[in-house]
């Protein structure tokens, strides 16, 4: 269900969500947790087809829940009017990525800022140079502050304690993120690529077959 809410200011949002002419917001939680700005890698095998072999960038995580976007699922969808003004800033592949199964009409834009000391009212810092971008802003102005942008449709969300329970059950690997992960030009390889750079046995998981019954 899509919940329409009143427009809020940049100071009130840890990230921005837009749906063409409609401003929508996802739940806002106070910042703090160590998982914010990190990656969740689906541990094989994950039975939920929504998340099998996914890499999720965590936007926010608190006692009240967590929100993230899947960063390794591109689509054939391109931005249409009026958001097609952002196409020139999108990193390749410049399609709208499938961010997750929640609120599939909502669009979330992430940007890599040129300066970690982000000073642009259209950008809200997440971690490091990664910020959310306000899709209602003028991309010609935002261009001076960012190196690249990626747009996601929908997001992944967890209720209180739900993500923690899934992590404890071994469904997710919590790993450090690199800026290049969020804006990768090879999303189909990202799950394995992130694992390959890990130490010890985690790197071995990169070689796991898609069908574990074949192993």
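Being buried (at least 21 other Cβ atoms within 10 Å of the Cβ) and under 29 Å from residue 52 (Cα atoms) is the filter here; which residues of the stretch 115-128 pass it?
Of the residues in the stretch 115-128, the ones buried (at least 21 other Cβ atoms within 10 Å of the Cβ) are 120, 122-123, 126.
Correct list: 126 only.
Starting from residues that are under 14 Å from the mean Cα position of the chain (by Cα) and part of a helix (DSSP H, G or I), keep the ones in the stretch 168-190 and report whichever is surrounded by the fewest Cβ atoms within 10 Å (Cβ to Cβ).
180
Would you call residue 204 assigned to a helix (DSSP H, G or I), touching a helix residue (DSSP H, G or I) at 6+ places or on another chain (Cβ under 9 Å) and at pLDDT below 90? Full working, then the answer.
Working: assigned to a helix (DSSP H, G or I): yes; touching a helix residue (DSSP H, G or I) at 6+ places or on another chain (Cβ under 9 Å): yes; at pLDDT below 90: yes.
Against the criterion (assigned to a helix (DSSP H, G or I), touching a helix residue (DSSP H, G or I) at 6+ places or on another chain (Cβ under 9 Å) and at pLDDT below 90), residue 204 qualifies.
Just wondering, is there one or more residues in the stretch 115-123 that are modelled with pLDDT of 95 or more, in a loop (DSSP other than H, G, I, E, B) and touching a strand residue (DSSP E or B) at 6+ places or on another chain (Cβ under 8 Å)?
No, that holds for no residue.
Return the residue satisfying two criteria in turn: it lies in the stretch 23-54 and is at pLDDT 85 or above and over 20 Å from residue 192 (Cβ atoms), and of such residues it is farthest from the chain's Cα centre (by Cα).
35
From the list 112, 144, 131, which residue is out of contact with any strand residue (DSSP E or B) (no Cβ under 9 Å at 6 or more places or on another chain) and either surrounded by fewer than 16 Cβ atoms within 10 Å (Cβ to Cβ) or in a strand (DSSP E or B) (or both)?
Details: 112 fails: out of contact with any strand residue (DSSP E or B) (no Cβ under 9 Å at 6 or more places or on another chain); 131 fails: out of contact with any strand residue (DSSP E or B) (no Cβ under 9 Å at 6 or more places or on another chain).
Being out of contact with any strand residue (DSSP E or B) (no Cβ under 9 Å at 6 or more places or on another chain) and either surrounded by fewer than 16 Cβ atoms within 10 Å (Cβ to Cβ) or in a strand (DSSP E or B) (or both) holds for just one of 112, 144, 131, which is 144.
Tell me, please, whether a residue that is in contact with a helix residue (DSSP H, G or I) (Cβ under 8 Å, 6 or more places away or on another chain), closer than 21 Å to residue 162 by Cα and either assigned to a loop (DSSP other than H, G, I, E, B) or modelled with pLDDT under 90 (or both) can be found in the stretch 55-66.
Let us first name the residues in the stretch 55-66 that are in contact with a helix residue (DSSP H, G or I) (Cβ under 8 Å, 6 or more places away or on another chain), namely 55, 57, 61, 65-66.
From what's left, closer than 21 Å to residue 162 by Cα: 55, 57, 61, 65-66.
Of the ones still in play, those that are also either assigned to a loop (DSSP other than H, G, I, E, B) or modelled with pLDDT under 90 (or both) are none.
No, the stretch 55-66 contains no residue that is in contact with a helix residue (DSSP H, G or I) (Cβ under 8 Å, 6 or more places away or on another chain), closer than 21 Å to residue 162 by Cα and either assigned to a loop (DSSP other than H, G, I, E, B) or modelled with pLDDT under 90 (or both).
Give the residue that is modelled with the highest pLDDT, with candidates limited to residues of the stretch 74-97 that are farther than 23 Å from residue 125 by Cα and either touching a helix residue (DSSP H, G or I) at 6+ places or on another chain (Cβ under 9 Å) or buried (at least 20 other Cβ atoms within 10 Å of the Cβ) (or both).
Per the stated criteria, the residue is 74.
Which pairs do you get when a residue that is on the phi > 0 side of the Ramachandran plot and part of a strand (DSSP E or B), found in the stretch 89-102, comes within reach of a residue that is buried (at least 21 other Cβ atoms within 10 Å of the Cβ) and modelled with pLDDT of 95 or more, reach meaning Cβ atoms under 9 angstrom, with the pair 6+ apart or on two chains?
Pairs found: none.
The values are calculated or read from the model by the stated rules, or taken from the named source; none is laboratory data. Keep in mind it's a predicted model, so treat the numbers as computed, not measured. Ideal geometry is used to build each Cβ from the backbone, glycine not excepted, and the neighbour counts take in all protein chains shown.
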